[in-house]
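Student: Take this structure first; my questions come after.
What follows draws every value from the coordinates through simple rules; no lab data is involved. Keep in mind that what you see is a predicted model, and the values were worked out from it rather than measured. Neighbour counts run over all protein chains shown; Cβ positions are idealised from the backbone, glycine included.
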Amino acid sequence: MSSNGNGKARPKVAVFKFASCDGCQLSLLDAEEHLLAVAAAVDIVYFPEATRIMLKGPYDIGLVEGSITTHHDAERIQAVRRQCRTLVTIGACATSGGIQSLRNWRDVNEYVRCVYARPDFISTLKMSTPIAEHVPVDFELRGCPINKLQLVEVLSALLAGRKPNIPTYSVCMECKRTGNVCIAVARGAACLGPAVQAGCGAICPSYGRGCYGCFGPMESPNAGAVAEQMRRLGLTEGAIQRAFRSFSAWSWQFRQVSEERDRK
């Protein structure tokens, strides 16, 4: 086991994947020079995306990407939790079910019959659910994909024994800092920004498009008020529902708004 220079063993970090596109793991690799300082303080001992060296646990920090969509995954996440002293979920799939949680409102067996030539070979759960619905999670890092600098901040904070400094305010704050004119006010564009947690740097509004909600609901999002604003802009109930059923569709704040559309 490696030492951090003061005689103490370096914390062991493991990265796990469940149902996802791998984008958040790639964000970790994309951190490059920012990751070097962290990498010097830890041993990444399990990371199938990046290395063939895979050591057994226990691990000090576990990073988990992806949602739970199969019986095997539901069992495996229990084993992962037992092996990790601290468990951090990364990305929309792991924190709120991801795009694949759209299956939660439909008959998944119908999807299987349409997609696969041999549906009888497929074993899957009826729902795609976030990691926290299966095991206790110590910290959730949002995004689709995550912000690589936020990931470095979380790792640095865990190593230092402090709370990660991750914003809980909305994308609107990032728009103001960027100098963007509010497209909802100036152009009447439908935008989830007031209800969505910051982290992307307001990419979509900076290019004249409404926020799609990649980072999920902010702290106290008042998503219902955003939905009402969309209605006043002329969006149909179906369009409002689709806006909230996206990257973080299964987060309870967005789910509540979208399911209200089913009752109208």
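Student: Within 10 Å, at most 14 other Cβ atoms, and a DSSP state outside H, G, I, E, B define an exposed site. Report the longest part of the chain free of exposed chymotrypsin sites (Phe, Trp or Tyr not before Pro).
Tutor: The answer is 1-115.
Student: Using the Cα centre as the reference, give the magnitude of the dipole from point charges on the C-beta atoms of segment 12-160 (Lys, Arg: +1; Asp, Glu: -1; all else neutral), rounded to the nearest 20 debye.
Tutor: It works out to roughly 420 debye.
Student: Between segment 98-148 and segment 233-264, how many Å separate their Cα centres?
Tutor: Between the Cα centre of segment 98-148 and that of segment 233-264, the gap is 18 Å.
Student: Could I ask something else about it? Just to be sure I understand: with springs between alpha-carbon atoms less than 10 Å apart, which residue in 227, 195, 157 has the highest mean-square fluctuation in the Gaussian network model of the chain?
Tutor: Of 227, 195, 157, the Gaussian network model singles out 157 as fluctuating most.
Student: Can you give the local net charge around residue 210? Use residues other than it whose beta-carbon is closer than 13 angstrom to its beta-carbon, Lys and Arg +1, Asp and Glu -1.
Tutor: Value of the local net charge: +3.
Student: OK, next. With 30 Å as the limit, write out which pairs from 8/56; 12/126; 126/148; 12/163; 148/176 have Cα-Cα distances beyond it, or answer none.
Tutor: Too far apart for the 30 Å limit: 12/126; 126/148.
Student: Sort by residue number and name the cysteines in the chain that have no neighbouring cysteine Cβ under 4.7 Å.
Tutor: Cysteines lacking a close Cβ partner in the chain: 21, 24, 84, 93, 114, 172, 175, 182, 191, 200, 204, 211.
Student: Something else: Any idea how far apart residue 37 and residue 262 come out in nm if each label point goes 7 Å out from Cα toward Cβ?
Tutor: Going from the residue 37 label point to the residue 262 one covers 4.6 nm.
Student: To the nearest 20 Debye, how big is the dipole of the chain about its Cα centre, given +1 on the beta carbon of each Lys and Arg and -1 on that of each Asp and Glu?
Tutor: In debye, rounded to 20, the chain gives about 220.
Student: Under the classification rounded if a/c is under 1.5, otherwise prolate if a/b is larger than b/c and oblate if not, where does segment 24-158 fall, given a ≥ b ≥ c as square roots of the Cα gyration tensor eigenvalues?
Tutor: prolate
Student: Among 248, 156, 101, determine the one that fluctuates most according to a GNM of the chain built with springs between C-alpha atoms less than 10 Å apart.
Tutor: Taking springs between Cα atoms under 10 Å, the residue moving most is 156.
Student: I'd like the projected area of the chain, averaged over all directions, using the convex hull of its alpha carbons. Report it in nm² with one decimal.
Tutor: The number I arrive at for the chain is 16.0 nm².
Student: Which one, 41, 194, 55, is farthest towards the positive end of the dipole of the chain when Lys and Arg carry +1 and Asp and Glu -1 on their Cβ?
Tutor: 194
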